Amino acid sequence: MNRKSSASQQPVSRLFSYLAGLVSGLFLAFLFSLLSSQQTTDAPVARTQPMPAKSIEPKAERIDWSFYDLFPKAEVANVGGYQSAKRASDPKPIYHLQAGSFNAPRDADERRAELLMLGLTAFIETKPIKGVTWHRVMIGPFESDTNLNRAQSLLAANNFESIPISTKP
């Protein structure tokens, strides 16, 4: 029975030791704060003599007014004619993205298939340029810059280069 009685007393003694240490630490902190507050209040306050104010003299600044003489002599370049603001009735441009241009129609068809797998509307446009037939892979049409930017970001994320092309209807 000795073992059981000593085992049951051990947690109580650990708890007691912990609480005794905590209380003594708090007591010492309290004493330290009392001593430090007495030292600051008992210290003599040094009297300072007011310093005489220095006389401040305003400095006279000389302002350079020569730019008034330069304006009438200066020449202004003519920027151009008046451009009217966009009206609501003006047709909005239609945007496309060119995702590649190939000599072989098979290469263009492969690129179109890759773009269709990404969920983009792609088509092939055939154009003869200087006697050579080129097959351009086009994506679109997009009616707003936002949709165009989204498609271009999707292409860039999948390592496809693209060129935006706008056409007016």
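The values are calculated or read from the model by the stated rules, or taken from the named source; none is laboratory data. Here the structure is a predicted model, which means the values were calculated and not measured. FYI the Cβ positions are ideal-geometry reconstructions off the backbone, even for glycines, and counts take in every protein chain you see.
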Quick one: which residue in P72, P91, P128 is surrounded by fewer than 10 Cβ atoms within 10 Å (Cβ to Cβ) and modelled with pLDDT under 70?
P72
Could you please find all residues in the range 135-169 being over 14 Å from R112 (Cα atoms) and of a type in the set (K, R)?
R150, K168
What about R3, is it assigned to a helix (DSSP H, G or I), basic (K, R), modelled with pLDDT of 75 or more and more than 53 Å from the chain's Cα centre (by Cα)?
no
